[in-house]
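Report on the following structure.
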Number of protein chains: 4
Amino acid sequence: MPDTLAETRHELAVANRILGHEGVLDAFGHVSVRHPEDPGRYLLPRSRSPELIEPADILEFTLDSAPVVPPTVQMYSERVIHGEIYKARPDVMAVCHHHAPAVMPFCITGEPLVPVFHLGATIGAEVPFWDSLDGFGDTNLLVVKPEEGASLARALGRHSVVLMRRHGATVVGASLRELVFRSIYSCLNAVYLSEGRKIGKVGALTPGEIAMAGAINQIPSVPLRTWEYWATRLEKRGGMPPRRGTTAAARKGPSSRPTTVAKRGPAGRKVKGRRRR
Amino acid sequence: MPDTLAETRHELAVANRILGHEGVLDAFGHVSVRHPEDPGRYLLPRSRSPELIEPADILEFTLDSAPVVPPTVQMYSERVIHGEIYKARPDVMAVCHHHAPAVMPFCITGEPLVPVFHLGATIGAEVPFWDSLDGFGDTNLLVVKPEEGASLARALGRHSVVLMRRHGATVVGASLRELVFRSIYSCLNAVYLSEGRKIGKVGALTPGEIAMAGAINQIPSVPLRTWEYWATRLEKRGGMPPRRGTTAAARKGPSSRPTTVAKRGPAGRKVKGRRRR
Amino acid sequence: MPDTLAETRHELAVANRILGHEGVLDAFGHVSVRHPEDPGRYLLPRSRSPELIEPADILEFTLDSAPVVPPTVQMYSERVIHGEIYKARPDVMAVCHHHAPAVMPFCITGEPLVPVFHLGATIGAEVPFWDSLDGFGDTNLLVVKPEEGASLARALGRHSVVLMRRHGATVVGASLRELVFRSIYSCLNAVYLSEGRKIGKVGALTPGEIAMAGAINQIPSVPLRTWEYWATRLEKRGGMPPRRGTTAAARKGPSSRPTTVAKRGPAGRKVKGRRRR
Amino acid sequence: MPDTLAETRHELAVANRILGHEGVLDAFGHVSVRHPEDPGRYLLPRSRSPELIEPADILEFTLDSAPVVPPTVQMYSERVIHGEIYKARPDVMAVCHHHAPAVMPFCITGEPLVPVFHLGATIGAEVPFWDSLDGFGDTNLLVVKPEEGASLARALGRHSVVLMRRHGATVVGASLRELVFRSIYSCLNAVYLSEGRKIGKVGALTPGEIAMAGAINQIPSVPLRTWEYWATRLEKRGGMPPRRGTTAAARKGPSSRPTTVAKRGPAGRKVKGRRRR
């Protein structure tokens, strides 16, 4: 029988790397998934940039965002974003918090982010705007206290994406693959809306279109097709996580781990060269 | 004697990958070609992202978009776009449907896309705008019914490109290579028009310039030169399709199919991994 | 003694590839250099995309743009741009004609391109605007007749860059390296001017600053430093041209010439690898 | 015991390459660090593009920007920027001067650069604007005289970033890693501010938010996490500097130095190649 938890950890590492590789995440941002066997827990990597996450970096947390096993590594200070949303939204199976360039103009202006094309309908009819000044006053804008996470979860409500003033966005999904799809296409929707506004007038899709187009990612072939595409792009760039953990090595700085990096990368050319002969 | 059909399937796979590699297509969009020996049929890949298409993924359809052989794989739900255009336009030999970022601002604002530079004249004097709301009301914006495809084909009329409200564009060509040229330069034309409008006033080329510059891609050296360029760029990135089919393997998801991926670019890694053991 | 002509052909191939790699040129555009031993001749590649140029692709022309040896390959139809400028400007040793995205907004709006930062001063105080409609009326916008080339050369006058309405730009230099520097930084200047105009008011540098900053690329270390940078970037991407010609192979399409491509990109690394054994 | 100076030289080379790789620096710009054992000296590379810097390229200067050992190589003409700031700001341990595209629109318009998101608060509440015309009149805009450097240092005052009219920016840090963080996120802040202004109104964070969010990069995990991310990205592209110097070889042009280049990027492949034999 397959080790569901191990598969989930691997898929979470891949989801982190895909969102890094596609430009939704950079040095910051994080992606979590609800525990496949215990809805009262969630899986989230240790504090590390998403594109570098390995299955061995993934920790287990209670919905109060307490580590199940006392960790020897640094944890994300904003993990309450994940825990409080899993608490408030039993239907949510995966969460992504990001600062993608595509959404920042909306986060800093407060201009509404509305769905403007069929795939962008995945953000839903409304994207609420959460402002940490309301209720918390001046902060460093990070969401680190349980009450801050709970407030953000309330702002998210039954929606799929919430913008965070001067900070970024948080996206939820019914699965890791839906989450990755929604995170990427909500960014493209934001870019098209920004660009469209620069050359003309842009309104939202009709309510009927939003409802119907918002369900496109439930067409069976869509998540399969998009995941194959993003995972293959990542794999061709040598970005897939190792199957077996390498935490020890991973703890060291990159320049001290040639072999890890050597496992990924350009060897392919070498082989092609030989095939050509 | 050369196997024309096999050559066409290979060129169609390359055209799909070039348009993915050059940024016209992403996880979505599709490219087809009329059957080289039977004008009553067309070739279109199974439902898969364009940059991953292999000759073995290519299926044969009647102009009613019915598969000639009952497929065991998922088909593109929007294949009627291709079938209905081949039906209405005997002169069209290749069709590309895309959602390129370059055209989206025009698709969501309704601002006219006009030719603004010599190579952009390939879009012709007029780019019609098709709105699914006219005649079909609220939909998920996908073109899946024969009557929707026929309506789009009527909107295209005798033109070369048609914009689709809130969705994307469909481009046609007298050959696969003209189609690739037109798809890429219509996107560049859209980008230059958008950028130009942000700093000043932009009108179209004169009717005479549109007619004459629109024929540049018929200068014999042009399709040769552009195809060599785009194909070499693709090849240098390890993006060329395999010569022999790999459908069976290709059916599996990427993370579970080292061998298929191995046949494409990154093969090396897998092989290397094994050799290293 | 070094073979000056062979060195010049190699450097011209590298210049073509650098300008392709850095995004000034794409499938189109061309770069030439005056013959190192005969000022009455110039060297220009056969009709091929700049990033693919090999020394063996380079042909010799008189200033009337007639090939010195009847070529068996396709020539650029716009070579008169080069010949007529070399005729009119004895001080010009290298010419680049391009359609870089950075300048197109100016070519289609007629907005003035002025130097806005120190390195951008390389374009000089004035960038004339040439309009083919004046004197030639409707054309396909390509500059193919000697009189069209002569008219463009007159518009260029004593300046360093000339914008061509709805088409692109032509840049000149006192050497290939100055030309590459000016082509790249004139594009950056155009980008900064465009972006600056979107958020505020932008005027030109003062006349004194233009004169002094325009001479920065004559500081001995500057052309050395920039050329090393751009050439190394190209080399690391496997983009350096082969030392020995490969015309025969090069004539075939890319998909039918694994060996040529092998000689370019990956093979080069191989050679280096061997050297290091 | 570790060789602190050697480690610092290596880290400075990596910092130069990271800022080149992440797009803050191109052919120009430079990064320095105060001497780890002698606060009266600083380390700065010879005149070379940042992405190519090797430990052996790094020279030692007094705070008057005089080389401690008469160099046989070209020095940056703008080194006084570094020396004068180290003189005026004992708290500054690292300095970066750049012309990043992100800040140029502000440098050429004079529009204020203010912190608009949490990570952007690293620029502080105020970014002064230095104008060489004040006090120096027309120049080539380079900062080469001690008095020009001293004037710039006075303009910087107690701040973290200073914009230079028509030229670029200079950033300071309490360590190389803080400098790299600040250089990258000040550019992202500039991009978001520019983009935000194009679609709506944007003001600065509140003073309280600037103070608190400006300290985020002092959270212990942050510099570790960001440095690992940027260094790994660089390493995966074959961009890490060699551990041992190669100045002699490095003096030659790239096309004439296969071994230097082989020691950089492609070397990794070689190793793999060997493993696979």
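Where a number appears in this text, it was derived from the coordinates with a stated rule and is not lab data. Values in this document were obtained by computation on a predicted structure and should not be read as measured data. Virtual Cβ from ideal backbone geometry, glycine too; neighbours counted across all protein chains shown.
Observations on the structure shown:
- Across segment C:199-210, computed HN-Hα scalar couplings (Karplus, 6.51 cos²θ - 1.76 cosθ + 1.60, θ = phi - 60°) run 10, x, 9, 10, x, 7, 4, 6, x, x, 5, 4 Hz from first to last residue, x flagging Gly and Pro.
- Label-point separation, residue C:66 to residue B:91 (7 Å along Cα→Cβ), nm: 4.0 nm
- Take each residue in B:100-113, count the other chain C-beta atoms within 10 Å of its C-beta, and the mean is 5.
- Cα gyration tensor shape of chain A, rounded if a/c is under 1.5, else prolate or oblate by comparing a/b with b/c: oblate
- In plain terms, if you count all Cα to Cα distances in segment D:118-203 and split them into 10 Å steps from zero, the share in each step is 16, 43, 30, 10, 0 percent.
- Nearest-0.05 FRET efficiency for residue D:237 and residue C:131, computed from C-beta distance (R0 45 Å): 0.55
- If you take the Cα centroid of segment C:110-184 and the Cα centroid of segment B:97-136, the two points sit 30 Å apart.
- Charge tally in the Cβ shell below 13 Å around residue B:202, where Lys, Arg are +1 and Asp, Glu are -1, residue B:202 excluded: +2
- 17 Å reach of a label modelled at residue A:215, 7 Å along Cα-to-Cβ, counting backbone N of segment B:133-174: B:137-145
- Amide H contacts under 5 Å for residue A:59, placed H, 5+ residues apart: A:44, A:46
- The distance between label points at residue B:38 and residue A:147 comes to 7.3 nm (points 7 Å beyond Cα on the Cα→Cβ vector).
- Mean residue ellipticity (222 nm) of chain C, computed from DSSP H runs ≥ 4 via -39,500 (n - 2.57), nearest 500: -12500 deg cm²/dmol
- Global geometry of the protein assembly as shown, whether rounded, prolate or oblate, following the gyration tensor of its Cα atoms and the 1.5 cut on a/c: rounded
- Radius 15 Å from Cβ of residue C:85, net charge of other residues (Lys, Arg +1; Asp, Glu -1): +2
- From phi via Karplus (6.51, -1.76, 1.60), per-residue ³J(HN,Hα) for segment C:31-43 in Hz, x at Gly/Pro: 10, 10, 9, 5, 4, x, 10, 10, x, x, 9, 9, 10
- Which of C:55, C:141, C:128, positive extreme of dipole for chain C (C-beta unit charges): C:55
- 0 to 90° range, to nearest 10: angle between helix B:267-276 axis and chain B longest Cα axis: 30 degrees
- Within the straight-line cut-off of under 12 Å between alpha carbons, the aspartates and glutamates reachable from residue C:198 are B:195, D:111, D:195, sequence neighbours fewer than 8 places apart in one chain being disregarded.
- Counted charge near residue C:141, where neighbours are those whose Cβ lies closer than 12 Å (Asp, Glu -1; Lys, Arg +1): -3
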